[in-house]
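What follows is one structure encoded as structure tokens, with my remarks underneath.
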Amino acid sequence: MTTTRQFLTTLISAIALQAALHPMAAAQASSDPDLITPAEARAMKQQSGPAVVFIDVRSRVEAAMRGTAAGVDYVVPYRELAHPVRWDSARSTLAMEPNAAFVSQVQAAMKAQGATNDTPILLLCASGTRAAHAAAELRQAGFRRVFVIGGGLDGSASLPGWRAAGEPTVASADEDQIFGLGD
């Protein structure tokens, strides 16, 4: 009995630690978004073209300044720079705020591509964390096939990401990707 209890305590502690250290593992374990590799995402987009909607959920500034994955259809920020721009001392970076129009902008992107709530959506961010949160919000809004690219564009401690996997990138998201939805 004690051995079983010790095992379960150790297992629960390990799962809690993994969830704390790796937000994507926690999202996957809770069956939020489906986690896919950069290679799987690229193959899905190449095989299906416009029948898959590929969205970069980083801020427009990130996409313009740091580039994005080749094949991205739209940049629809899940969080955007705060206005007025200010410093977030707790995170030692510029403050970000939620994009209140995120779901409606994704709906506009889907409509622009003739997609439905059953059309696969690929989500990319810097490390995978924002994309996991965005995927959960999209699922609550009725989108049924939302995939998070593990490790995002730049990678995380546990996942290499799009660049490290050697997948193609573009130096900067273009004007149509960033403002193609009319905002």
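The values are calculated or read from the model by the stated rules, or taken from the named source; none is laboratory data. None of these values were measured; they are calculated from a predicted model. Glycine also receives a Cβ, built like all others from the backbone with ideal geometry; neighbour counts cover every protein chain displayed.
Values computed for the structure shown
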read-out: Where Asp73 falls short, out of the listed (1) at pLDDT 50 or above; (2) over 22 Å from Val103 (Cα atoms); (3) of a type outside the set (S, T, N, Q); value: (2)
read-out: Pairs where the first residue, in segment 88-99, is more than 21 Å from Val76 (Cα to Cα) and the second is surrounded by 12 or more Cβ atoms within 10 Å (Cβ to Cβ) and not β-branched (Val, Ile, Thr), C-beta under 6 Å, 6+ apart; value: Asp88/Ala95
read-out: Answer from Leu35, Leu122 - the residue that is in contact (Cβ under 8 Å) with a residue 60 or more places away in the chain, within 16 Å of the chain's Cα centre (by Cα), part of a strand (DSSP E or B) and under 17 Å from Gly180 (Cβ atoms); value: Leu122
read-out: Test set (1) in contact (Cβ under 8 Å) with a residue 40 or more places away in the chain; (2) over 19 Å from Ser172 (Cα atoms); (3) part of a helix (DSSP H, G or I) - Ala63 fails condition number; value: (2)
read-out: Of all residues in segment 110-137 being surrounded by fewer than 21 Cβ atoms within 10 Å (Cβ to Cβ) and charged (D, E, K, R), the one that is modelled with the lowest pLDDT; value: Lys111
read-out: Residue in segment 147-158 that is assigned to a strand (DSSP E or B) and surrounded by fewer than 22 Cβ atoms within 10 Å (Cβ to Cβ) present; value: yes
read-out: Within segment 164-183, tally of residues that are crowded, with 18+ Cβ neighbours inside 10 Å and assigned to a helix (DSSP H, G or I); value: 2
